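> Here you go, one structure.
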Amino acid sequence: MVALFNPLTALEGSFKGQPFKVANERGEGGRRGPLHQYPDRDRPFFEDLGAEARRREFSLYFVGPLADLQARRFDDLLGKGGPGPLVLPGFRRETALAQKWDYRKVSGRANWVEFAVTFVDPGSNAFPAASTSWPHALLTAVEDARTAFAEALGDALSFDIPGQEIVGDLLDGAGGLAGALDIAASLVAGEFPSTALAAALSLTGDYRSSLLPALDLAVFAVSTVDLVSTWARALAGPSPDAASRGRAVDALWNVYDRSVDDGVAGLAEAAETPLEIAVASNRRAFGAGVRRAILSEIGAQSSGLSFASYDDAAALRTRLADAFDDEIDIAGDPSAAGGRDDRARVALQDLRSTALQAISAAGANKARLVPYAVPAPRPARVLAQLFYGGSSDIETRARELAERTGAVHPAFLPRQGERLSG
């Protein structure tokens, strides 16, 4: 007597939540590698190169009045690709990927659709596609820019017109740069360790002492760009965290915002003699070189910044973009000091692109700033509980709120202000 197959008692399974019935299962595994068989030796050698991909072949089917609809949905599900949970008879559960499949409908068997599906272990990619590490790309662009800016500054400066006034004016400009750096460091003295401040002041002192009456313009240009670079690193400290880098960026912006070439425009308009024209040209070239060096160091410090919000990243990105655009225009202007400088312009363009993408990548997934309003002033901790009740670190959230609102005391945050959206 032949036993009839009863579909009501068939084993069931599912893939990505789509249930089906299992008629039979076949598995396949193995090891990869060549089998070496040597002359005059009775024992071969198998060179094991790892496991083969595990395969499971199933005969699945759908039965009942909804079999056709279920089969179409299952075919669409498999067609979308990607791994998913595979539940097998006996409550076995694993992650699998449908590699290939086919289905069959038989006219003599109504309400029945059969599938033959081969599932494989999706594993993981041991050699993922290369992705850009924007912090590293930014540091590489900064190194290239430092060299280009130093060379461009050295070429733009000139002592072609005899006169001690030209040398003296350039020395005054260099002393002004050192003074601006000292002032910027002093403004943040309370926020930096004393050792970092001392190191930064020592660098400007050494720079001043190296300014001799007889200047080598190439050495002067390199030492000026190098001063800005080493000063920023000294101020951030030997092992800077994101907060130290942020303070160094603020100090650099302070120097950038100070006009290192005050009076050049007026001097250029009034310049009549060759000496006056040469002095104005050198001032402009020196000012442009310093500004470019500062922007490169802002980029270098930005490589290690972490942003509390998307808006913080966007604000720095916008400010840097505007500053770079101004310098790119100057470098491409034939009437600028030293004429059009394609080398500096290309370095600025590369640094601009990399810096902005690095900042965007660092702040792309951050929360946004949103306004808030409460009936009366509240303590920072109370508002942190109100806005971020699900956070595991309310204390940190409270400090962030107090700093962002500029409250005089954390017990009295203003009725209106801005907070992070999440």
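> With the structure loaded, tell me whether T204 is modelled with pLDDT of 85 or more, of a type in the set (V, I, T) and in contact with a Gly (Cβ under 9 Å, 6 or more places away or on another chain) or whether it fails that test.
Considered against the rule, which asks whether it is modelled with pLDDT of 85 or more, of a type in the set (V, I, T) and in contact with a Gly (Cβ under 9 Å, 6 or more places away or on another chain), T204 comes out as yes.
> Same structure, new question: Taking into account only those residues within the stretch 83-105 that are touching a strand residue (DSSP E or B) at 6+ places or on another chain (Cβ under 7 Å) and part of a loop (DSSP other than H, G, I, E, B), which is modelled with the lowest pLDDT?
Selected residue: P89.
> Looking at A402, A384, A364, which one is of a type in the set (G, A, S) and under 17 Å from Y310 (Cα atoms)?
On inspection, the qualifying residue turns out to be A364.
> I'm told D341 meets every condition in (1) farther than 30 Å from G287 by Cβ; (2) buried (at least 16 other Cβ atoms within 10 Å of the Cβ); (3) acidic (D, E) except one. Can you identify the failing condition by its number?
(1)
> For the stretch 405-420, indicate whether the set of residues that are touching a Lys or Arg at 6+ places or on another chain (Cβ under 6 Å) and assigned to a loop (DSSP other than H, G, I, E, B) is non-empty.
No, the stretch 405-420 has no match at all.
> May I pose another question? Having 3 or more residues that are open to solvent by 100 Å² or more (accessible area, probe 1.4 Å) is the bar; report the strands (runs of 3 or more DSSP E) wholly within the stretch 8-77 that clear it.
Because the criterion is at least 3 residues that are open to solvent by 100 Å² or more (accessible area, probe 1.4 Å), no strands (runs of 3 or more DSSP E) in the stretch 8-77 meet it.
> Could you check, for the stretch 142-157, whether at least one of its residues is basic (K, R), open to solvent by less than 40 Å² (accessible area, probe 1.4 Å) and either in contact with a Leu (Cβ under 6 Å, 6 or more places away or on another chain) or modelled with pLDDT of 80 or more (or both)?
yes
> What are the residues in the stretch 293-312 that are open to solvent by less than 30 Å² (accessible area, probe 1.4 Å) and either without any contact (Cβ under 8 Å) to a residue 24 or more places away in the chain or more than 30 Å from V346 (Cβ to Cβ) (or both), if any?
Selection gives S309 alone.
> Still on this structure: Can you tell me which residues in the stretch 280-308 are within 12 Å of the chain's Cα centre (by Cα), of a type outside the set (S, T, Y) and at pLDDT below 90?
G304, L305, F307 - these are the residues of the stretch 280-308 that are within 12 Å of the chain's Cα centre (by Cα), of a type outside the set (S, T, Y) and at pLDDT below 90.
> So if I check each of P89, P44, P34, P39, which one is out of contact with any helix residue (DSSP H, G or I) (no Cβ under 8 Å at 6 or more places or on another chain) and in contact (Cβ under 8 Å) with a residue 40 or more places away in the chain?
Among P89, P44, P34, P39, only P89 is out of contact with any helix residue (DSSP H, G or I) (no Cβ under 8 Å at 6 or more places or on another chain) and in contact (Cβ under 8 Å) with a residue 40 or more places away in the chain.
> If you don't mind, another one. Within the stretch 379-393, is even one residue among the acidic types (D, E) and in contact (Cβ under 8 Å) with a residue 40 or more places away in the chain?
Taking every residue of the stretch 379-393 in turn, none turns out to be among the acidic types (D, E) and in contact (Cβ under 8 Å) with a residue 40 or more places away in the chain.
> Out of curiosity, is F46 modelled with pLDDT under 90 and under 24 Å from D121 (Cβ atoms)?
yes
> Of the residues in the stretch 326-338, how many are of a type outside the set (A, V, I, L, M) and in contact (Cβ under 8 Å) with a residue 12 or more places away in the chain?
Looking only at that region, the number is 3.
> It is to be established whether one or more residues within the stretch 182-198 are within 21 Å of V249 (Cβ to Cβ), touching a Ser or Thr at 6+ places or on another chain (Cβ under 7 Å) and modelled with pLDDT under 90.
The answer is yes; a qualifying residue exists.
The values are calculated or read from the model by the stated rules, or taken from the named source; none is laboratory data. None of the values given here were measured: they were computed from a predicted structure. As a convention, Cβ positions derive from the backbone with ideal geometry for all residues, glycine included, and neighbour counts pool all protein chains shown. SASA here: full protein model, heavy atoms, side chains in, ligands and nucleic acids out. Shrake-Rupley method; radii C 1.70, N 1.55, O 1.52, S 1.80 Å.
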